[in-house]
């Protein structure tokens, strides 16, 4: 059916008697093409609204299940809209797909060459999906997909141990299929890890973390260094790893079993594996329960999100609700509770072994002597050593001009990094993202501005690499 034909024009005037509302949008105005791809959408709208000078348009919203009952169309027009396949909603019988677009409406008689000097009226217009070209429909669907997944992208750990994880970033991309496995002989391969859990023997407890809640595994250097588990929420656990047997999947104890790219099973002794970087899984953050958890930092540097049993700290004979506490500092063996009200409460935990329910799944009892700090407010999740800084100069760094980006040239003795970072170390991630060191304003400079100038951030997490191993520090604005 040709929408441009004269008999349809009068009919479509009835279709487009949809409410126009004042609007704001985040997208920029762009050129849209009409359904047949032969004319711009603005031209189509002008033909449909002969008394108004309309210019499309800025995407504001998309509804895949717009109720047909809300349509105020002439019957013949409604029949065309409903039957057009591009309009089919989630339920073809009761809904259709609709684009909400912001349009500019200029005063009648405005000279097209002088539009930039005229302030148009902005209104919102609802349009059936079939009114725009196939390319524009794809644009809308891509925009809607990204809008739905952006909160996940903002939260998920995209970089771990200095390496990007496989991640689907656009609607047209397939889901990442493989994990990355590094062997001690220097080789690297892609495959799907079949082991369903990794058991940790730590100095503070024994427990197993499900594979699907892990972002990476770093095996020790074989010289006494601890193994490391990194959770999808950036929790860190160190100790000695065991790989439990899983006969149902053909997995033997302390053997890493993968399905390689060719679909074949391969097995490696854990001693031959250096590192595993797991792909990002779309459901990996489900059921983490961060909102009702605290961050527990241990004296050995490990840190994890956990729920406090009963939602209360038991101090002596008293019970103090977690919601009233900002953080807990362990000083000289005693718990110092800094209250959100500004007060302080000091005492001893009434239990020697404190029940811990990790957000990643495991539960165990933690001996209180291992505790370092407990952070009860969700906005602060430090990783590694905490470095306080008063000004940008205290954490400024110099980078090598040649060679890989992010390699440090010197560290001043007055720097907060002195004794932690050294020349030759390479910064591999900041706040879980790969830094841009090649632009005029590097990511690092922008991070300093956010911390000290704009003060839109209170801290940032920096990961550096030295001799093939990574370590992490959290820089905090002392103010």
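Taken over the stretch 240-283, the convex hull of the Cα atoms encloses 122 Å³ per residue. A helix-only calculation puts the chain at -3500 deg cm²/dmol for mean residue ellipticity at 222 nm, using -39500 (n - 2.57) for each DSSP H run of at least four residues, averaged over all residues. Treating the Cα atoms of the stretch 354-398 as identical point scatterers in vacuum, please give the log10 of the normalised Debye intensity I(q)/I(0) at q = 0.24, 0.26, 0.31, 0.33 Å⁻¹, two decimals. Listed by q, the Debye log ratios stand at -1.09, -1.18, -1.22, -1.19. For the stretch 290-375, the equivalent ellipsoid built from the Cα gyration tensor has semi-axes of 18, 15, 13 Å, listed from largest to smallest.
Rounded to the nearest 10 degrees, the inclination of helix 134-155 to the longest alpha-carbon principal axis of the chain is 20 degrees. What the Cα atoms of the chain give is an Rg and a Dmax of 28.9, 87 Å.
In the calculated pair distance distribution of the stretch 163-277, what percentage of Cα-Cα distances lie above 17 Å? Result for the distance tail: 55 percent. Sorting the segments 45-51, 122-128 by their mean number of nearby beta carbons within 10 angstrom, highest to lowest, gives 122-128, 45-51.
Dividing the convex hull volume of the alpha carbon atoms of the stretch 97-153 by its residue count, what do you get in Å³ per residue?
On the way: hull volume 8.0 nm³, N = 57.
So the per-residue Cα hull volume is 141 Å³.
Among 330-336, 135-141, 113-119, 231-237, sorting by the average number of other beta carbon atoms lying within 10 angstrom of each residue, highest first, gives 231-237, 135-141, 330-336, 113-119. With q set to 0.12, 0.14, 0.18, 0.26 Å⁻¹, the log10 of I(q)/I(0) for the stretch 385-477, from the Debye formula over equal scatterers at the Cα positions, is -0.32, -0.45, -0.78, -1.76.
The alpha carbon centroids of the stretch 375-396 and the stretch 106-181 are separated by 34 Å. Normalised by residue number, the volume inside the convex hull of the Cα atoms of the stretch 95-224 is 268 Å³ per residue. The angle between the Cα long axis of helix 6-15 and the main principal axis of the chain comes to about 50°, on a 0 to 90 degree scale.
Bear in mind that the values in this text are calculations on the coordinates, not laboratory data. None of the values given here were measured: they were computed from a predicted structure. As a convention, Cβ positions derive from the backbone with ideal geometry for all residues, glycine included, and neighbour counts pool all protein chains shown.
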